[in-house]
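Following: one structure in structure tokens, then a few remarks.
The values are calculated or read from the model by the stated rules, or taken from the named source; none is laboratory data. Everything quoted here is computed from the prediction, not taken from an experiment. Backbone-built Cβ (ideal geometry, glycine too); neighbour counts: all protein chains shown.
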Amino acid sequence: MVANFKNSNNKSHVKKVAILMGDPNKSEAVIPLEEYDPIDSYGTNQLFVALSELKNYSFTILNNHDTLIIDLTKFKSKIDYIFNLCDEGFGNDAEKEFHIPALLDILGISYTGSGPQCLGFCYDKSLIRGIAREMGIPVADGILICQGDESFEIPFEFPAIVKPNVGDSSYGITKNNIIYNYSQLENIISVLRKQFGPNLPILVERFLSGSDLSVGLVGNGRSGFALKAISEEDYSKLPQDLPKICGYEAKWEYNSSYNVLKSIPAQVSDKTRDFLFKNSIRLFQRLFCRDYCRIDWRLDSQGNPKLLEVNPNPGLCWDGHLTKMASFLGISFSGLLEIILKTAEERIFSEKKEEITHLQKNINDSKFTKKVNTNKKSIKELLLKDYTN
């Protein structure tokens, strides 16, 4: 579907933005029964309502993945950039989430959020653990169990949490993934491989009993971060017999006992807060995150922070973690969306300015001019055309 809505009558200052979303006509494995939420669902409507509150924007919605390449080629010259909200991946395949920005890079279309390299890195939890350790950032004790591993030993005490090494949205992570012995471990591995296939690498980590924390960042470090916040999952109303995790039940099963969970401003010491911000920003920069990101941490029984995972391009929905963190700072959902758009625009403009500077330098190079056998003025007009519209 291609749809349009405008928020301003002042055409000279209107930003033309295409919103790239998941395809409502394709199934999605993450959602129960693999049914994609219809385009007029409550969550999508809330997004459109929030976007309609932003002034001086004209939005076009692109969500037909069968014609996506054709549509992008068609709209390339008619938009300023893409608002990439397609965390479902190309064709609603989560393994192809990074294919979307890769396609946009190939087509030369600017977009919000992180690029394909970052998304590819962060899709692999074990890879992120290794990078974090190399940076001196603590992670929970853990091992990776791969296809063909017939025997394995857990080098730490139970309980443990078992999860797919790849994926997002807590798909495959339920209360049953908290295990207390080898028998339960073998059982959940069997369940996961039936669900995801026999080639699935499985990450087993020590289950941490401390506060469950998320750091939200919006910015790029060029002029600081427009938003920095830390949320904590409040498990106080969760039945005592359930493990304290914010997994699949909490995010997708609306009649679950986990519906009592809520996010609150983190109750941590200044020392812990400083540690979380400092190392989240280090990871943001090291992994080439852009514009916005969520980094998940958990404290151990001694109150020491351990990295869980990094989530570039986290889902932007009215009740999402990043939206809740923004609300702690008095920022509405529409306000958060505007900050992210402005952050991306600043980065995109800066990148284009650097490209123009580089092109101008080449244009003034007499050897470059001689090679193409034309005059400097025509070269400049040709090369800078796409960057100055």
Strands (runs of 3 or more DSSP E) (entirely within region 202-269) containing at least 3 residues that are over 29 Å from residue 144 (Cβ atoms): 225-234, 262-265
For region 57-68, enumerate the residues that are surrounded by fewer than 18 Cβ atoms within 10 Å (Cβ to Cβ) and either within 22 Å of the chain's Cα centre (by Cα) or modelled with pLDDT under 95 (or both). 64
Of those in region 284-302 that are in contact with a helix residue (DSSP H, G or I) (Cβ under 7 Å, 6 or more places away or on another chain) and assigned to a loop (DSSP other than H, G, I, E, B), the residue nearest to residue 138 (Cα to Cα) is 287
May I ask you to say which residue of 100, 137, 70, 143 is under 30 Å from residue 282 (Cβ atoms), assigned to a helix (DSSP H, G or I) and among the β-branched types (Val, Ile, Thr)? 100
Residue pairs within 8 Å by beta carbon, gap of at least six or interchain, first lying in region 298-323 and closer than 23 Å to residue 288 by Cα, second assigned to a loop (DSSP other than H, G, I, E, B) and of a type in the set (Lys, Arg), listed first then second, are 312/290
Say whether the condition of being under 30 Å from residue 276 (Cβ atoms), at pLDDT 95 or above and among the charged types (D, E, K, R) is met by at least one residue in region 130-139. yes
When region 24-55 is checked residue by residue, the ones that are part of a loop (DSSP other than H, G, I, E, B) and modelled with pLDDT of 95 or more are 53, 54
Against the condition assigned to a strand (DSSP E or B), of a type in the set (A, V, I, L, M, F, W, C) and at pLDDT 95 or above, how does residue 307 come out, does it pass? yes
In this structure, is residue 276 more than 23 Å from residue 318 (Cα to Cα), surrounded by 19 or more Cβ atoms within 10 Å (Cβ to Cβ), out of contact with any Lys or Arg (no Cβ under 8 Å at 6 or more places or on another chain) and modelled with pLDDT of 95 or more? yes
